[in-house]
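A quick write-up on the structure given underneath.
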Amino acid sequence: MSMLVLIGLLLVGGVMAWLAERIAVNLSRWVSLATVTVSLLYLLGIISGLPEGSLQLTPDPGDGSSWLLYLHIDWIERFGIALEMAMDGLSLLLVVLTLLLGLVAIASSWSEIEFKQGLFQANLLWTLAGVCGVFLAMDLFLFFLFWEVMLIPMYLLIAIWGHEKREYAAMKFFIFTQVSGLLMLLAIVMLAWHGQKVNGHLSFSYFDLLGLPLQGRSGWIMMLGFFIAFTVKLPSFPFHTWLPDAHTQAPTAGSVLLAGILLKTGAYGLLRFCIPLFPDLSAQFAPVAMGLGAAGVIYGAVLAFAQTDFKRLVAYSSVSHMGFVLLGLYAWNNLALQGAIMQMVAHGVSTAALFMMAGALQQRLHTRDMRRMGGLWHQAPRMGACAMFFAVASLGLPGLGNFVAEFLVLAGLFAVQPWLTAIAALGLITAAVYSLWMIQQTFQGKPDEQRSMSDFGSREMFAMTAMMIALVALGVYPQPVLDLAQPVLDGLHGLVQDSMLVAQVRP
Amino acid sequence: MMESLFYIAALVAVMSTVAALTRANAIHALIYLIVSLLAVAVLFFLMGAPFAAALEIVIYAGAIMVLFVFVIMMLNLGESGVAREQEWLTPRNWVVPGVMAALLLLELILALRHAPALTSGISVDPKAVGLTLFGPYILAVEISSMLLLAGLVGAYHLGRRFIVRREKR
Amino acid sequence: MGGLQIPMTHVLLLAATLFSCGLLGLMLRRNIIFMLMSLEVMLNAAALAFVAAGAKWGQADGQVIFLLILTVAAAEVAVGLGLVLQIQRRFKTLDMDQANRLRG
Amino acid sequence: MAIWLIPFLPLLSATLLMVSTGRMPRSLTAVLGAGSVGLAALLVALLAQGFLADGQVREVTLWTWMAVDNFTPRVAFYVDGLTIVMMSVITGVGFLIHLYSIEFMWDDESLCRYFAYMNLFVAAMLLLVMADNLLLLYLGWEGVGVCSYLLVGFWYRDADNGKAARKAFVVTRVGDTAMALGLFLLFTELGTLDIQPLMVAANANWQVGDTLPIVATALLLGGAVGKSAQLPLHTWLPDAMAGPTPVSALIHAATMVTAGVYLIARNYQLFLLAPPTMQAVAWIGVATLLLAAFTALAQHDIKRILAYSTISQIGYMFLALGVGAFASGIFHLMTHAFFKALLFLAAGAVIHCLHHEHNIFRMGGLRTRLPVVFWSFLIGSAALAALPFTSGFYSKDAILLSAWEQPDIGPWLWAGGLLGALLTSIYSFRLVFIVFFGEAQTEPDRQPGWRMAGPLLLLCLLSLIGGWFALPLSGVFPENGHAQVNHSVEIISIATPLLGLLLAYLLFLGRQLSIDKLLASPTGQALKSFCLSGWRIDNLYNALWVRPYTNLAHWWRNEPIDQLYNAVVAASQWSHRTLLGLQTGELRWYATSMVFGLVLLLAIMLRNAT
């Protein structure tokens, strides 16, 4: 029940934030902040109320009642659709990340949005609700529902509060995700129908559909339906082209949410659904998927280097970073999977911070064009220091979260595909090229003495410092995150251990 | 005798309709149209539908056509309009519509060749019509009342602005 | 009993002819008033067919439908002529080939 | 004693300085910046004393960094003789350079930022040498890289500095990536990254000459080559001189660039399993030392000469490692840290006193005007050229002897090293003669104060007596005793630098020999510019890597993939426009088309009816 309450809180909070605008113009952002804070506290309260040691127990992936939280309410019984939700360590991690980045998004939009604040905050909260739902839903139909729920408010965020080419970007985002979502719906329906043939009853429940014998052409179609839906969201080369536009045009909070959380739903989907549901097919498909991942790493990095728009650069860097996630997921050994999960968290934080930086620059300079910046360190040393920190974080400096993630992914991948690892490792070099080029163009170089620009205020500095501390903590002591995910991975390994996907690191 | 009356009326209807649609002057056309409607009213009467015949004359030929007259008068089209109409009726413009209409007619003829032999000759009086109308067709009556209401509101809305603007000038 | 009996084919052919004439007018004329008149002719032709059908079976339904067609025609003419006035005001013409934009 | 305090102190100080964002008083900044390193140096001295007394290897585990399966790198320190030597150099020389920096950088507005970066660097470098496993070493390795980037680009207003900084980082990153791959390979094959267990596992699982150790060491060598500016990744170091001079002294001479040497020395057991890699190390060393020495001969920027000489001297260290004389390599690393820091700091003093003049041909006659600097520079150059009884003499001599003893290729390596020594002597005294003798071109506007002079004098002392230090390396590396000393070889080694000194005197001071005519000829000109540009390797890399990459990026700027999607969009727009033609807005057209449809429909129905 608590999971429904959590999502309900966010949905209702959204409505309240919308209405609050009528009472006072700036009230809605306070309502929104309070909603997310309360949700977060509520979640933490639930988790602390769990029996001792349950976080360390390995959940049986085929049985939701062995998970941390489980909920099953019949909904549309005729089609075997239920309100079935469950939470394990992985979902918990991602939901916490979602709520934390929700706070960051609210903070980053604090003074940026003036037009229809209430509706803006409402959309923000609804997106969060949708994402939480995606991370918790265990009924495939419900999952698809939430998948769409998170899409529409996001579309509105871009289309209403975006920058100069917002309609184009929002439409592109919508069409890409919608088309891929429909492919997934098709796959879900086919899967449920297939399940009915095998199990004898129609069910959309993840737990009922696990372990179906899926082969042949229909199996491939279903697997690819899931795969494409998730890799569009991830996004992976060559389905990534919506992302630079959407990121560039979205308001800061929208970019933060997109990069920080929405992309993670794709990775989550691959890890939770695509691979466990189709272990054998995924194993056969893994070289292709990993190839796409490596291609994304390099391609994103090269294009990031080519950009002149700050936000676009960061967006392409996301493509590059999410390539590592794809690599890690399909390498499918413990190291690589942990790396992929770590990358989700670390990339969420570091990219969110870079988008906040972009937003702050745009607010101050009214441009995102880096050719019109330069030497900003002189006027805004605090911003410069923050930008430098997150730039080196995104290029994978050891001691920060992204490094742990990339290192684990590549170390795990090396055991499976050494040559691909070598190619993907080129991403480390290219990341350095674009990150440093970004810093050079914005904060270094000759300052424009006429330009007056305010440095970060205490509110912005607070958000930035929090994220810096988070990244350093992830970088020097990532164990809490790893421990949270490990039981889940153990369970998944048990599930697909028969397949040839398992390539354990030699002791 | 009565049968020849039917065919005469039919001929009148067709000819006056054709005339109505080929006149350049709107009022002339309207007069021809009224003739055509009256001829159809005769046909109705001959087919044993006196109530329909009466309504055809009163409402169609009367009320509706008068509306046309009003509008034509309000627009005050004049001689230039007539000249322009003439210009638009050059033979070249006839080709496509003519072919289309002829094709349609041909098909209709082909389709209607084998219609059932004769009408019954029974006259249905207004009482029977009324009973049917407010019996099984009551819903249709309600709907048409809604339709008329909508037409009323629409016509009022559209016409009012025209009139108000005129008065302002 | 004993009323006039007419071959149905002829009545329906007449209705078809009138309908075709109306269509011809609709396609041919550019003046909206004439187009409306053509519409009246077509409606009338349809009504004729219904009444004939009613006469065939000696039932009142044909005339009922005629009545309904009449109301449709009345409503249509009322709105249509209102539109004619608006078109004249906006476009200063009744030529429908010139008034071909939804947004005036 | 808490060993973890040693890297922690500079780290803490760096954090404090960063948090203060320059609002701290300058004097406090300086005290904090230099003091933390000084304190660390003191702790290292205590540690060294303890180590010399009992010879115990000290291991400290702070926490487990991460634990996934059997991948459990710890944040742990491993302190043996090698580490002690490196730590002493880092904190000792580092402290002197910090002290010197106070005066050198006093007028700079970003003093705080400077000390923050410097302290961070010291912390990262200490982590690098103290690391118990290769992953933590990699952390320090990348950390020093970033600090180097930050400090080379310290004066960010000049875009050229930024370019040099990026070049430094990216070129070393190429090597780092190879090294990372090496780590993956080692972990995949041996299941651990902890250095000592790794060595044991390697010796247990691999035979000398197996493919895997060769590949692994080659990848590690890639990292070492990048960091230590050896061929073919040496191009960043001369450009890195864009940073403040004390930075060049600390990072690009004394400590960071020798990290590659440390890496190989630390994993020497692995390298011993891969003789081809060892040979490659030696040959890279010889090739680099010759190339850099030739290049140094033609330079006229005082710092670039020193940069090329650094590359060249690290070449000697690689040569030493390659022939298995690890202790000699580390010994040279230490003496080089002393005399190269001395040279850089002296050069910095010259630059500081001559209004940031870098061109040696606009200096001259400084012998009387800056006496302290002159003597420092002279001693430093003597040690660099390995004149007898200076510290450089002992270390370089040991390397050449070891090279000579190498079977088969030994004499060739030795000859290369000897030629390098000759060139070293020529270019270093060319520098001395041109800068400090002859006509004065620019008048110094100030004299170095005690904070600059003090470190100089101390480093002079170290450069002179550093050769007599006995390094506590006996427990680290295998003994390879010098069985028979070949006296003729010894004598040639001693004579070569003196010959170089003589040549330099004749060429640049006495002018008894003139090569002006030679230089004026077209061939001479071409040769000179060839040497001046560092054998055009930069141009080669530009054409080979940089330009293709930027061109590719430029070509891809409009997203070839997106063009595909745009084609779909274009197709649907085309069909939209085509169909739009049907929607003319003309009522008559609509009516006609409806009739057409009606006719068609009826026709079909009629056909079906019959």
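The values are calculated or read from the model by the stated rules, or taken from the named source; none is laboratory data. Fair warning: this is a prediction, and the values are worked out from it, not measured in the lab. Here the Cβ is made from the backbone with ideal geometry for all residues, glycine too, and neighbour counts use every protein chain on show.
Condition check: in contact with a Gly (Cβ under 9 Å, 6 or more places away or on another chain) and either aromatic (Phe, Trp, Tyr) or surrounded by fewer than 21 Cβ atoms within 10 Å (Cβ to Cβ) (or both). Does B:THR90 satisfy that?
Taking the combined requirement at face value, the residue does not satisfy it.
Can you find a residue in region B:132-150 that is hydroxyl-bearing (Ser, Thr, Tyr), exposed (fewer than 13 other Cβ atoms within 10 Å of the Cβ) and not in a helix (DSSP H, G or I)?
Looking through region B:132-150, none of the residues is hydroxyl-bearing (Ser, Thr, Tyr), exposed (fewer than 13 other Cβ atoms within 10 Å of the Cβ) and not in a helix (DSSP H, G or I).
If you check A:LEU397, A:LEU335, which single one turns out to be of a type in the set (A, V, I, L, M), within 12 Å of chain D (Cβ to nearest Cβ) and outside any helix (DSSP H, G or I)?
From the options A:LEU397, A:LEU335, the qualifying one is A:LEU397.
In region C:56-99, what residues are within 7 Å of chain B (Cβ to nearest Cβ), within 30 Å of B:SER120 (Cα to Cα) and in contact (Cβ under 8 Å) with a residue 24 or more places away in the chain?
Scanning region C:56-99 gives C:LYS56, C:VAL72, C:ALA73.
Determine whether A:LEU57 is surrounded by 21 or more Cβ atoms within 10 Å (Cβ to Cβ) and either closer than 25 Å to A:HIS201 by Cα or not basic (Lys, Arg) (or both).
Against the criterion (surrounded by 21 or more Cβ atoms within 10 Å (Cβ to Cβ) and either closer than 25 Å to A:HIS201 by Cα or not basic (Lys, Arg) (or both)), A:LEU57 does not qualify.
What helices (runs of 4 or more DSSP H), lying completely within region D:164-272, carry at least 3 residues that are free of Cβ contacts under 8 Å to residues at least 60 places away in the same chain and surrounded by 24 or more Cβ atoms within 10 Å (Cβ to Cβ)?
D:211-227
I'd like to check something: does region B:1-8 contain any residue that is of a type in the set (Asp, Glu) and in contact with a Phe, Trp or Tyr (Cβ under 7 Å, 6 or more places away or on another chain)?
no
Out of (1) surrounded by fewer than 13 Cβ atoms within 10 Å (Cβ to Cβ); (2) over 18 Å from A:PHE143 (Cα atoms); (3) without any contact (Cβ under 8 Å) to a residue 40 or more places away in the chain, what's the single condition that is false for A:VAL38?
(1)
Show the residue pairs meeting these rules: Cβ distance below 7 Å; 6+ apart or different chains; first residue within region D:533-559 and at the interface with chain A (Cβ under 10 Å from one of its Cβ atoms); second residue aromatic (Phe, Trp, Tyr).
D:ALA553/A:PHE305
Determine if region B:115-127 includes at least one residue that is assigned to a helix (DSSP H, G or I), aliphatic (A, V, I, L, M), over 18 Å from the mean Cα position of the chain (by Cα) and assigned by TED's automatic domain parsing to the domain that holds B:TYR7.
no
Which of the numbered conditions does B:LEU103 fail, given that it passes all the others? Conditions: (1) surrounded by fewer than 14 Cβ atoms within 10 Å (Cβ to Cβ); (2) modelled with pLDDT of 85 or more.
Checking B:LEU103 against (1) surrounded by fewer than 14 Cβ atoms within 10 Å (Cβ to Cβ); (2) modelled with pLDDT of 85 or more, the one that fails is (1).
When residues of region D:462-475 are filtered for being surrounded by fewer than 13 Cβ atoms within 10 Å (Cβ to Cβ) and not hydroxyl-bearing (Ser, Thr, Tyr), how many remain?
3
Residues of region D:69-104 being within 14 Å of chain A (Cβ to nearest Cβ) and either within 23 Å of D:THR335 (Cα to Cα) or of a type in the set (Asp, Glu) (or both), which ones?
The first filter runs over region D:69-104 and keeps only residues within 14 Å of chain A (Cβ to nearest Cβ), leaving D:69-76.
If the condition is that a residue be within 14 Å of chain A (Cβ to nearest Cβ) and either within 23 Å of D:THR335 (Cα to Cα) or of a type in the set (Asp, Glu) (or both), then D:ASP69 is the only one that fits.
Out of (1) in a strand (DSSP E or B); (2) in contact with an Asp or Glu (Cβ under 8 Å, 6 or more places away or on another chain), what's the single condition that is false for A:GLY118?
For A:GLY118, the failing item is (1).
Is there a residue being surrounded by fewer than 20 Cβ atoms within 10 Å (Cβ to Cβ) and hydroxyl-bearing (Ser, Thr, Tyr) anywhere in region A:216-233?
Yes, region A:216-233 contains a residue that is surrounded by fewer than 20 Cβ atoms within 10 Å (Cβ to Cβ) and hydroxyl-bearing (Ser, Thr, Tyr).
Is one or more of the residues making up region B:98-119 small (Gly, Ala, Ser) and more than 10 Å from chain C (Cβ to nearest Cβ)?
No, that holds for no residue.
Please determine, by comparing only the residues of region A:266-321 that are of a type outside the set (Asp, Glu) and not in a helix (DSSP H, G or I), which one is nearest to A:ALA187 (Cα to Cα). I'd like the intermediate steps shown before the answer.
Within region A:266-321, the first condition is being of a type outside the set (Asp, Glu), and the residues that meet it are A:266-279, A:281-308, A:310-321.
Filter again for not in a helix (DSSP H, G or I), leaving A:278, A:307-308.
Details: A:PHE278: 12, A:GLN307: 37, A:THR308: 40 Å.
Only one residue fits best here, namely A:PHE278.
Is region B:61-69 home to any residue that is more than 10 Å from every other protein chain (Cβ to nearest Cβ) and free of Cβ contacts under 8 Å to residues at least 12 places away in the same chain?
yes
Being modelled with pLDDT of 90 or more, within 22 Å of A:GLN486 (Cβ to Cβ), within 23 Å of the chain's Cα centre (by Cα) and more than 10 Å from chain D (Cβ to nearest Cβ), is that true of even one residue in region A:403-420?
Within region A:403-420 (the criterion being modelled with pLDDT of 90 or more, within 22 Å of A:GLN486 (Cβ to Cβ), within 23 Å of the chain's Cα centre (by Cα) and more than 10 Å from chain D (Cβ to nearest Cβ)), the answer is yes, since at least one residue qualifies.
Scan region B:19-33 and tell me whether some residue there is free of Cβ contacts under 8 Å to residues at least 40 places away in the same chain, at the interface with chain C (Cβ under 10 Å from one of its Cβ atoms), in contact with a Ser or Thr (Cβ under 8 Å, 6 or more places away or on another chain) and closer than 20 Å to C:VAL11 by Cα.
Scanning region B:19-33 turns up at least one residue that is free of Cβ contacts under 8 Å to residues at least 40 places away in the same chain, at the interface with chain C (Cβ under 10 Å from one of its Cβ atoms), in contact with a Ser or Thr (Cβ under 8 Å, 6 or more places away or on another chain) and closer than 20 Å to C:VAL11 by Cα.
Of all residues in region B:75-95 being within 7 Å of chain C (Cβ to nearest Cβ) and without any contact (Cβ under 8 Å) to a residue 40 or more places away in the chain, which is nearest to C:GLU76 (Cα to Cα)? Break it down into steps so the answer makes sense when it comes.
Initial filter on region B:75-95 (within 7 Å of chain C (Cβ to nearest Cβ)): B:75, B:85, B:88, B:93-94.
If we keep only those that are without any contact (Cβ under 8 Å) to a residue 40 or more places away in the chain too, we end up with B:75, B:88, B:93-94.
On the way: B:LEU75: 19, B:TRP88: 25, B:ASN93: 27, B:TRP94: 27 Å.
If we take residues in region B:75-95 being within 7 Å of chain C (Cβ to nearest Cβ) and without any contact (Cβ under 8 Å) to a residue 40 or more places away in the chain, then B:LEU75 is nearest to C:GLU76 (Cα to Cα).
How do the pairs read when you match residues in region D:51-68 that are within 14 Å of chain A (Cβ to nearest Cβ) and touching a residue at least 12 places away in the same chain (Cβ under 8 Å) with residues anywhere that are assigned to a loop (DSSP other than H, G, I, E, B) and not aromatic (Phe, Trp, Tyr), using Cβ under 7 Å and keeping only pairs 6 or more apart or on different chains?
D:TRP65/D:PRO73
Which condition does D:LYS528 not pass, out of (1) without any contact (Cβ under 8 Å) to a residue 12 or more places away in the chain; (2) basic (Lys, Arg); (3) away from every other protein chain (no Cβ under 14 Å), if it passes all the others?
Every listed condition holds for D:LYS528 apart from (1).
Given the conditions (1) under 22 Å from B:VAL66 (Cα atoms); (2) without any contact (Cβ under 8 Å) to a residue 40 or more places away in the chain; (3) more than 7 Å from chain B (Cβ to nearest Cβ), which single one is not true for C:LEU36?
Result: C:LEU36 fails condition (2) only.
If you scan region A:164-202, which residues turn out to be crowded, with 21+ Cβ neighbours inside 10 Å, over 18 Å from A:LEU145 (Cβ atoms) and of a type in the set (A, V, I, L, M, F, W, C)?
A:ALA169, A:ALA170, A:PHE173, A:PHE176
Can you go through D:GLU142, D:GLU103, D:GLU109 and tell me which one is part of a helix (DSSP H, G or I), among the acidic types (Asp, Glu) and surrounded by fewer than 24 Cβ atoms within 10 Å (Cβ to Cβ)?
Going through D:GLU142, D:GLU103, D:GLU109 in turn, the sole match is D:GLU103.
Just a yes or no: is a residue in region D:344-365 among the aromatic types (Phe, Trp, Tyr), modelled with pLDDT of 85 or more and surrounded by fewer than 24 Cβ atoms within 10 Å (Cβ to Cβ)?
no
For region D:406-455, give me each residue that is in a loop (DSSP other than H, G, I, E, B) and within 20 Å of D:TYR394 (Cβ to Cβ). Write out each step before concluding.
Going through region D:406-455, the residues in a loop (DSSP other than H, G, I, E, B) turn out to be D:406-409, D:437-449.
D:GLN406, the sole residue that qualifies.
Going by what's in this entry, would C:ALA52 be described as in a helix (DSSP H, G or I), crowded, with 22+ Cβ neighbours inside 10 Å and more than 7 Å from every other protein chain (Cβ to nearest Cβ)?
Numbers: in a helix (DSSP H, G or I): yes; crowded, with 22+ Cβ neighbours inside 10 Å: yes; more than 7 Å from every other protein chain (Cβ to nearest Cβ): no.
Judged against the criteria, C:ALA52 is not a match.
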